[in-house]
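Written below as C-alpha cells is the structure these notes are about.
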There are 2 protein chains.
Amino acid sequence: MGKITVIGIGPGSLEDMTPRARKAIEKADTIVGYNTYIKLIESLLGEKAVIGTGMMQEIDRCTMALREACDGHDVAVVSSGDAGVYGMAGLVLELLMQEQPAIRPKIEIIPGVSAVNAAAAVLGAPLMHDFAVISLSDLLTPWELIKKRAAFAAQGDFVISLYNPKSRKRVEHIEEIREILLKYKPGNTPVGIVRGATRDDESVTISDLENFTKEKIDMFSLVIIGNSNTYVKGNFMITPRGYKL
Amino acid sequence: MGKITVIGIGPGSLEDMTPRARKAIEKADTIVGYNTYIKLIESLLGEKAVIGTGMMQEIDRCTMALREACDGHDVAVVSSGDAGVYGMAGLVLELLMQEQPAIRPKIEIIPGVSAVNAAAAVLGAPLMHDFAVISLSDLLTPWELIKKRAAFAAQGDFVISLYNPKSRKRVEHIEEIREILLKYKPGNTPVGIVRGATRDDESVTISDLENFTKEKIDMFSLVIIGNSNTYVKGNFMITPRGYKL
C-alpha cells in the first residue's frame with residue numbers, strides 16, 4: 001500500500017511553499033494536479049510520473065491518484081494556495097472514504113499559504129478582523145445560496161473575500177454581488193483586487209464597492225471587500241484590529 | 001532608514017514556515033514578538049536583538065519596532081500563523097501610517113500558513129466550502145458585535161472558525177455562541193477542536209455542536225464548526241465541495 005499526500009503549494013512562488021510541502025513533493029514518485037500548478041513546481045519534478053489536466057476531469061484524476069496509491073505509489077496531489085480551501089483535499093478524502101477501510105492508502109494533508117492570505121499581504125492588512133470567504137463559482141453551488149451568503153456576510157459586517165469572482169462565461173455574477181453588498185455597505189467601502197499574488201505577473205488594484213467591477217477582474221483574481229472600519233492610506237488597505245491609538 | 005518586515009511564521013513547526021519568512025528572519029538584526037513565538041524560532045535567532053513580551057505591551061512594542069527601523073535597523077516583527085489574521089500586520093501598518101511619509105521606513109508583509117488552515121488540515125477538509133472566521137476575544141471588539149456575527153454566519157450556513165474561543169477569564173462566551181449557533185444549526189453538526197497544530201503538543205478532538213463545549217478548549221484552541229453538509233467519517237471532518245460522486 002502506498003500513500004497519498006494532498007499538498008497546498010502556496011500562492012505561486014517556491015519561496016512561499018513550506019519545507020514540509022516541498023519535501024513531500026520531492027519524496028513522491030507520482031504528482032497529480034492541474035497543469036497550471038504542475039508548472040509552478042516544474043523544477044521539483046525530475047523523473048516523476050505526472051498526471052495533469054487534460055488527461056481527465058477532477059473526479060477521474062483524484063480516483064486515479066487513489067488507485068496509484070493503492071498500487072504502492074507515493075502520490076502527491078497538489079493544489080495552489082491551501083489544498084483545504086476550494087482545493088483537492090476534500091475531493092480526495094471524500095473518494096478515499098468511499099473505499100473499504102482495509103484498502104484505503106494512508107493520507108496526509110499538508111497546509112499551505114492560502115490565496116486569501118497572500119492577497120491580503122500584498123494589499124496591507126485587510127483581513128485583520130473577522131472575515132468571510134465566498135466562492136462565486138456556481139458550478140458546484142446553487143447561485144441562490146451564494147447570494148444568500150453574501151447578504152448575511154454583509155449584514156454581519158465581515159470583511160469579505162471573493163474567490164473565482166468572474167470567468168469568461170460568468171461575468172454578471174460579480175455585478176449582482178456588488179448590488180447585494182451595496183444594500184448593507186456604503187459605496188466608499190475599500191475593495192482590493194489581487195491577481196497572481198507572489199507570481200511574476202502579480203497585479204494589485206485598490207478601488208471601492210461603488211466602482212470595483214469596472215476594474216480588470218478574472219478567474220485568477222481575488223477580491224477583498226472591507227468592513228465598516230477598513231480604510232485606505234498610502235498604498236495600503238487596512239482593517240483596524242481595534243487598538244486605541 | 002531601515003526596514004520593517006511583518007512575518008507570519010506559520011502554525012509552529014519550522015517545517016511549516018515558508019523560505020521567504022525564514023530568510024527575512026535570518027536577514028533581520030532585530031526581532032520583535034511574543035515570547036511564545038520567539039521561542040518557536042529560537043534556532044534562527046543567533047546574535048540578533050530580541051524585543052519580546054513582558055518588556056512592554058503590543059502598541060509600545062510595535063512603536064519600538066518602528067523606531068528601530070527608523071534608526072536604520074532591519075526589523076522583523078513575527079506573528080504566529082499569518083500575520084494578517086488577528087496578528088501584528090495591522091497594528092504595525094496603522095502606526096506606520098501615522099508617521100509623516102518622509103520618515104516612514106519601508107515595510108513588507110510576508111504571509112504565512114494561517115492557524116485555521118493548519119487546524120483544518122489536521123481535521124481533514126472542513127473548510128472546503130465558504131467559511132467565516134470569528135475571534136471570540138472581546139478585548140478589542142464589543143461582545144454584541146461578535147454575537148451578531150456568529151448569528152449571521154450561522155444563518156448563511158458558513159463553516160465557522162472560532163479563534164480565541166476561551167481564556168481563563170472568559171469561559172462563558174463559548175457557551176453563549178453555542179446557543180446562538182444552535183438556533184440555526186442542528187446539534188449534530190460536526191465540530192473540530194485543534195490545539196497546537198503542527199506543534200509537539202498537537203491535540204485534535206471531533207465532537208458536535210450539542211456537546212463540544214464539554215471538551216477541553218483554551219485560548220490556544222481553534223474551533224471549526226461545519227456547515228449543513230459537513231460530515232465525519234473515520235477520523236476525518238469533511239465538508240463536501242459539491243461534486244456528485
Cβ-Cβ cut-off under 12 Å around B:T63, Lys and Arg +1, Asp and Glu -1: the net charge is -3
Going 7 Å from the Cα of A:T36 in the Cα-to-Cβ direction, what parts of the stretch A:129-163 have a backbone nitrogen less than 19 Å from that spot? A:134-141, A:161-163
Can you tell me the relative contact order of chain B? Whole percent, Cα pairs under 8 Å, sequence separation 6 or more. 21
Relative to the Cα centre, what is the charge dipole magnitude of the stretch A:3-113, using +1 at the beta carbon of each Lys and Arg, -1 at the beta carbon of each Asp and Glu, and rounding to the nearest 20 debye? 160
Can you compute the charge dipole magnitude of the stretch A:116-238 about its Cα centre, using +1 on each Lys and Arg Cβ and -1 on each Asp and Glu Cβ, nothing else charged? Give it in debye, rounded to the nearest 20. 120
Filtered trypsin sites (Lys or Arg not before Pro), the stretch B:191-237: DSSP coil and at most 12 other beta carbons within 10 Å: B:K216
Over the stretch B:120-180, what is the relative contact order in whole percent, taking alpha-carbon pairs under 8 Å and six or more residues apart? 38
Which FRET efficiency value, to the nearest 0.05, do you get for A:Q100 and B:K244 by plugging their Cβ-Cβ distance into 1/(1 + (r/R0)^6) with R0 = 22 Å? 0.55
GluC sites (Glu not before Pro) within the stretch A:143-185, DSSP loop, no more than 12 other Cβ atoms inside 10 Å: A:E172
In whole Å, what are the Cα extents of the stretch B:108-186 along the three principal axes, biggest one first? 33, 29, 22
At 10 °C and 1.306 mPa s, grab the translational diffusion coefficient of the protein assembly as shown from Stokes-Einstein with a Kirkwood Rh over Cα pairs, rounded to a whole number in µm² per second. 70
Largest-first ellipsoid semi-axes for chain A, taking √(5λ) over the Cα gyration tensor eigenvalues, angstrom: 36, 19, 16
A:R170/A:S228 FRET efficiency (R0 35 Å; Cβ-Cβ; nearest 0.05): 0.75
Once you place label points 7 Å from the Cα toward the Cβ at A:E47 and B:E144, how far apart are they in nm? 6.9
Both in Å, the radius of gyration and Dmax of the C-alpha trace of the stretch B:144-245 are 13.6, 46
Report the antiparallel proportion of the DSSP beta bridges in the stretch A:116-238 as a percent, rounded to a multiple of 5. 70
In peptide B:129-141, what is the residue-averaged number of other protein chain Cβ atoms found within 10 Å of each Cβ? 6
DSSP-defined antiparallel bridges as percent of all bridges, the protein assembly as shown, nearest 5: 45
Suppose you put the label 7 Å out from Cα in the Cβ direction; list, shortest first and in nm with one decimal, how far A:D138 is from each other copy's label. 4.0
Using alpha carbon centroids, what distance separates the stretch B:60-78 and the stretch B:161-205, in Å? 35
Test item: Cα-centred dipole of chain B, Lys/Arg +1 and Asp/Glu -1 on Cβ, debye: 460
Rg to Rh ratio, the stretch A:26-154, alpha-carbon atoms and Kirkwood radius? 1.02
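No value in this document is a laboratory result; all are computed from the given coordinates. What you see is a predicted model; the values in this text were computed from it and never measured. Neighbour counts are summed over all protein chains in view; Cβ atoms, including those assigned to glycine, are modelled from backbone coordinates with ideal geometry.
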